[in-house]
Amino acid sequence: VSDGMVKICTHNPDGREQIVGLSSAQSILVGLQSLNDDRYAYSAIAASNVKACRINHRTLLERVRSKGDLAMRLIHAMNAQLAHSRALMEVLGHKCAASKIASFILLMTPKSTQGNGGFALPFSRLEIASLLGLSEETVCRLMASMKREGAIHAPRGRVEIRDWDRLHAIADGRSQSNLQA
């Protein structure tokens, strides 16, 4: 993925989509788990406009065997993807709902935005709820509370972090506010 956001999804037996990961330009690779398999266990679905290239896995494996620098670049990309997955697992861990949502927003913030400005958050409230294991109503209510408290401004499809310290306090569970799950 060279631009945009991709959801890594699986489908539950009842047909519901479950987001199990995210990939963006920062995480580079979407389908490395399939290098040794004939079938993909997950689907990659564009969450925004995406620019990506398809790489034949046999060709990739041949090049990795013959070019050590490519192997090192893949290792770095896999480590970055693993770090992102671990950060997402921390978000899903033993946090209250408000902390999960604040942590998710911080995790999704592009590095280039971490000073000022807003960014596109290409997920509906329902998708955020599904990813975080919350109800859509809880996500809507708590994001509205974060907006009222001045931590974020979140018009549909975008997020602007207005008070970084406040949002970090919510994410860390240090907030003394009305944000209850």
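Just to confirm a number: summing +1 for Lys and Arg and -1 for Asp and Glu over residues other than GLU149 whose beta-carbon lies under 13 angstrom from that of GLU149, what do you get?
Local net charge: +3.
For segment 42-181, what number of Lys pairs, 8 or more residues apart or on separate chains, have alpha-carbon atoms under 22 Å from each other?
Close lysine pairs found across segment 42-181: 5.
Below 8 Å between Cα atoms, with a sequence gap of 6+, how large is the relative contact order for the chain in percent?
After rounding, I find 19 percent.
Which length gain, in nm to one decimal place, applies between ILE75 and CYS140 when the Cα-Cα distance is subtracted from 0.36 nm times their residue separation?
So the chain would gain 19.6 nm between ILE75 and CYS140.
Rounded to the nearest 500 deg cm²/dmol, what is the calculated helix-only ellipticity per residue at 222 nm for the chain, with -39500 (n - 2.57) per DSSP H run of length n ≥ 4?
Mean residue ellipticity, 222 nm, calculated: -13000 deg cm²/dmol.
Arrange the peptides 79-85, 68-74, 52-58 so that the one whose residues have, on average, the most other Cβ atoms within 10 Å appears first.
79-85, 68-74, 52-58
Tell me the label only: which of [x] 17.8, 58; [y] 18.8, 61; [z] 15.6, 48 is Rg and Dmax of the Cα atoms in Å as calculated from this structure?
[x]
Work out, step by step, the length gained on full extension between ARG162 and LEU92: first 0.36 nm times the residue separation, then minus their alpha carbon distance; give nm to one decimal.
22.8 nm
Where does the charge balance sit around SER43 when Lys and Arg score +1, Asp and Glu -1, over other residues with C-beta under 9 Å from its C-beta?
0
Against the longest principal axis of the chain, how steep is helix 68-92, in degrees 0 to 90 to the nearest 10, with axes from Cα atoms?
30
In the chain, carbon and sulfur make up what percent of the accessible area (probe 1.4 Å)?
49
Taking Cα atoms, how many degrees apart are the long axis of helix 136-148 and the longest axis of the chain, rounded to 10 and kept between 0 and 90?
Once rounded, one gets 60 degrees.
The values are calculated or read from the model by the stated rules, or taken from the named source; none is laboratory data. These figures come from a predicted structure and were not determined experimentally. We place every Cβ from the backbone using ideal geometry, glycine too, and count neighbours over all the protein chains shown. Ligands, DNA and RNA are excluded from the accessible area calculation, which covers all protein heavy atoms including side chains. Shrake-Rupley method; radii C 1.70, N 1.55, O 1.52, S 1.80 Å.
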